[in-house]
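Only the coordinates and a few stated rules stand behind these numbers; no lab work does. Please read all numbers here as calculations on a predicted model, not as lab measurements. Quick reminder, even Gly has a Cβ in these numbers, built from the backbone with ideal geometry, and neighbours come from all protein chains shown.
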């Protein structure tokens with residue numbers, strides 16, 4: 001996750017909640033990065049970047065990532081990310097980068113004025129993955145294109161140097177709740193960059209704010225349908241049912257079995273109560289960590305050491321394969 005602004009409910013339900021489960025799978029070794037090098041593809045206030053880096057780490061910890069099982073590290077504290085990016089960029093075609101949907105979306109009509117970092121950051125993302133020889137990467141639909149590029153870069157390297165060195169990672173597509181939409185517009189994804197604070201629930205929000213934002217969330221005049229099919233064409237309604245299902249860890253059909261035919265005056269308070277119940281412990285733990293960040297820094301230092309040990313070996317092996325001099 002990038003340390004930009006506050007994490008919100010969509011980040012939790014669409015990613016973090018699922019990532020926590022990954023560390024408990026048999027024979028899994030998980031790496032959780034705070035990707036601050038990606039964040040600086042757009043200007044960042046230095047003090048805010050540092051604060052947000054700690055907040056992302058606090059969210060990982062409060063959300064259930066166990067530092068004794070998994071490494072939580074900061075991308076910029078592992079120099080091998082930047083070095084491997086450069087090595088991989090020498091064999092990445094510009095045409096492939098130009099076709100990246102996210103670059104087109106972010107650069108818009110000003111692509112010629114966009115920074116090199118914004119253009120080339122999919123190569124850094126590939127380095128993030130290939131550096132640890134990851135077999136599986138949890139991605140949403142909007143990141144599948146970048147993962148495919150990572151696979152292509154790995155294949156290009158392996159073919160050029162005649163050995164199966166880099167693993168071609170497989171996508172780990174996450175389940176229910178992967179697309180949490182704006183509370184103000186059910187057709188748009190919940191976003192940290194949305195100007196309206198009413199469009200989202202931040203993980204740092206207090207109970208009153210959570211209740212208020214859900215109360216004002218977009219719906220429609222109709223009651224909740226009896227079946228999932230009845231949510232078709234009702235973006236706001238579908239979003240709130242999706243959020244409830246993900247928080248309660250039940251299906252949308254189960255939600256509608258309980259609330260079908262009922263009005264929003266009954267459903268929204270139930271959703272607000274559930275959201276407060278599920279998020280309050282995380283919010284409290286994050287606040288505790290951010291008030292005295294020494295614990296965060298100790299965990300990050302340990303994670304950085306573990307990440308550097310793996311990453312340095314991969315980069316040295318890459319250098320050797322490519323024929324670079326070493327003493």
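For the residue pair residue 197 and residue 216, what label-to-label distance in nm results when each label sits 7 Å from Cα along the Cα-to-beta-carbon direction?
In this crude spin-label approximation the distance works out to 1.0 nm.
Most mobile of 130, 116, 224 per a Gaussian network model of the chain (Cα springs, under 10 Å)?
It is 116.
Among 70, 150, 196, which one shows the biggest mean-square fluctuation in a GNM of the chain, springs joining Cα atoms closer than 10 Å?
196
So for 146, 81, 6, fewest C-beta neighbours within 10 Å to most, what's the order? Can you show the working numbers first?
Numbers: 146 20, 81 23, 6 17.
Ordered from fewest to most neighbouring Cβ atoms within 10 Å, 146, 81, 6 come out as 6, 146, 81.
Quick one: go through the stretch 78-93 and flag any residue whose amide nitrogen is under 19 Å from the point 7 Å out along the Cα-to-Cβ line of residue 326.
Once the point is set 7 Å along Cα→Cβ of residue 326, 78-88 turn out to lie under 19 Å by backbone N, inside the stretch 78-93.
Using only Cα atoms and rounding to the nearest 10 degrees, what angle (0 to 90) does helix 80-89 make with the longest principal axis of the chain?
80
Go ahead and estimate [θ] at 222 nm for the chain from helices alone: -39,500 (n - 2.57) per DSSP H run with n ≥ 4, summed, over the residue count, rounded to 500.
Numbers: 13 runs with 171 residues, N = 327.
Computed ellipticity for the chain at 222 nm equals -16500 deg cm²/dmol.
Stretched out fully, how many nm does the piece from residue 277 to residue 188 gain, at 0.36 nm a residue minus the Cα gap? Please list the in-between numbers first.
Values: separation 89, 0.36 × 89 = 32.04 nm, distance 2.57 nm.
Taking residue 277 through residue 188 to full extension adds about 29.5 nm, to one decimal.
Restricting to Cα pairs below 8 Å that are 6+ residues apart, what does the relative contact order work out to for the chain? Please round to a whole percent. Before the final figure, lay out the partial values.
Values: 461 pairs, mean separation 75.6, N = 327.
Relative contact order for the chain comes out at 23 percent.
Taking neighbour Cβ counts within 10 Å as the exposure measure, how do 128, 208, 27 sort from fewest upward?
Working: 128 25, 208 9, 27 4.
Result, fewest neighbours first: 27, 208, 128.
Stretched out fully, how many nm does the piece from residue 29 to residue 302 gain, at 0.36 nm a residue minus the Cα gap?
Net length gain for the segment: 96.8 nm.
Just the projected area, averaged over all directions, of the convex hull on the alpha carbon atoms of the stretch 173-327: how many nm²? The partial results should precede the final answer.
Values: hull surface 55.6 nm².
Quarter of the Cα hull surface area: 13.9 nm².
I want to verify a result. In a Gaussian network model of the chain, Cα cutoff 10 Å, which of these has the top mean-square fluctuation: 58, 127, 207?
The residue that fluctuates most here is 207.
Could you give the semi-axes, largest first, of the ellipsoid that matches the chain, computed as the square roots of 5 times the alpha carbon gyration tensor eigenvalues and rounded to whole Å? Intermediate results must be reported in sequence, preceding the final value.
Details: eigenvalues 282, 98, 70 Å².
Each semi-axis is the square root of five times an eigenvalue, giving 38, 22, 19 Å.
Specify the inter-centroid distance of the stretch 259-280 and the stretch 37-55, based on alpha-carbon positions, in whole Å.
A separation of 35 Å, based on Cα centres.
Once fully extended, how much extra length lies between residue 226 and residue 319, figured as 0.36 nm per residue of separation less the alpha-carbon to alpha-carbon distance? Before the final figure, lay out each step's value.
Numbers: separation 93, 0.36 × 93 = 33.48 nm, distance 6.03 nm.
Length gained, residue 226 through residue 319: 27.4 nm.
Taking the Cα-to-Cβ direction at residue 135 and at residue 44 and moving 7 Å from each Cα, how far apart do the two end points lie in nm?
Result: 3.2 nm between the two label points.
Angle between the Cα long axis of helix 294-322 and the longest principal axis of the chain, 0 to 90 degrees, nearest 10?
Long axis of 294-322 versus the principal axis of the chain: about 40 degrees.
What nm value, rounded to one decimal, do you get for the distance between residue 112 and residue 159 when each label is placed 7 Å out toward the C-beta?
3.3
Just for the Cα atoms in the stretch 197-289, what are the lengths along the principal axes, largest first, rounded to whole Å?
On the principal axes, the stretch 197-289 reaches 43, 24, 19 Å in Cα extent.
Using the alpha-carbon atoms, what tilt in degrees (0 to 90, nearest 10) does helix 235-248 show relative to the longest principal axis of the chain?
80
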